[in-house]
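Structure first, then comments.
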Amino acid sequence: MNQRPDSRSRGAALHLARRGGQGVLSYGMGLAVHGLGLFPLVRWLFLGVGHGLTANPPEFLTRSSGLWALVLLWATLCVTPMRRITGWSSLVRHRRTLGLYAFFYTVLHIIAWAIWDRDGVPDAMWADIWQRDFIGIGTLAVICLLPLALTSTRGWIRRLGRWWTRLHWLIYPAAIFSVWHFEWMRAGKNDFFEPHVYAWALVLLLGVRILWWLRTRISGMSRWHRCWCRLWGPR
């Protein structure tokens, strides 16, 4: 006798298959995130072995670390729009990792500047922050990023509760100060192409968020208006 498969069993099988597919997708995304985060280090290593760090390796590494900090910070900002567009909720799990990689290369950028540009002298570093505008703006970006890195653990997320989300809005001024620092740094060579690319990318990323926020507010106001009309409108 032919029996139709039980609908519950079929639903459970579909659910397991969906979860399995999401798990594979999340694992693949994790590999891609770590691959992106470690790529600069591997590249520097190969360039160093092959004597490819240009004629001025300290300057190359200082600028390259800063550029990769910017790339990874922008990649972090891309997570939310990509999640909303694609519906891949598992993307959010890797946002913190991208942010920590961005902070890691920021720290390398600071160390390179401190050792190779200021000879590790605290007084020289302090004076440079006040004397060169792009260094001062970069310092503001680091000040914004520091609390984000320090509170990125699950423990801090539990302790801060809803304030954790508000604190992590600091990523937006950090991004603005970062691209501002890049712009002013390139002003000495009158080379603004790359800074402008990152600036317009940031405008796009922030603009999308503003549009979504406005749509949410308008939708909320429409719901209130419909409720008001039901309660007090003509019958």
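Here are some notes:
- Stretchable slack from Leu160 to Leu214, in nm (0.36 nm times residue separation minus alpha-carbon distance): 16.8 nm
- Other residues with beta-carbon under 13 Å from the beta-carbon of Val208 carry, at +1 per Lys or Arg and -1 per Asp or Glu, a net charge of +4.
- Counting protein heavy atoms only, the stretch 74-228 has 68 percent of its accessible area on carbon and sulfur, 1.4 angstrom probe.
The values are calculated or read from the model by the stated rules, or taken from the named source; none is laboratory data. Source: prediction; values computed, not measured. So basically every Cβ, Gly included, is an ideal-geometry build from the backbone, and we count neighbours across all protein chains shown. Please note that ligands, DNA and RNA were not included when accessible areas were found on the heavy atoms of the full protein model with its side chains. Shrake-Rupley method; radii C 1.70, N 1.55, O 1.52, S 1.80 Å.
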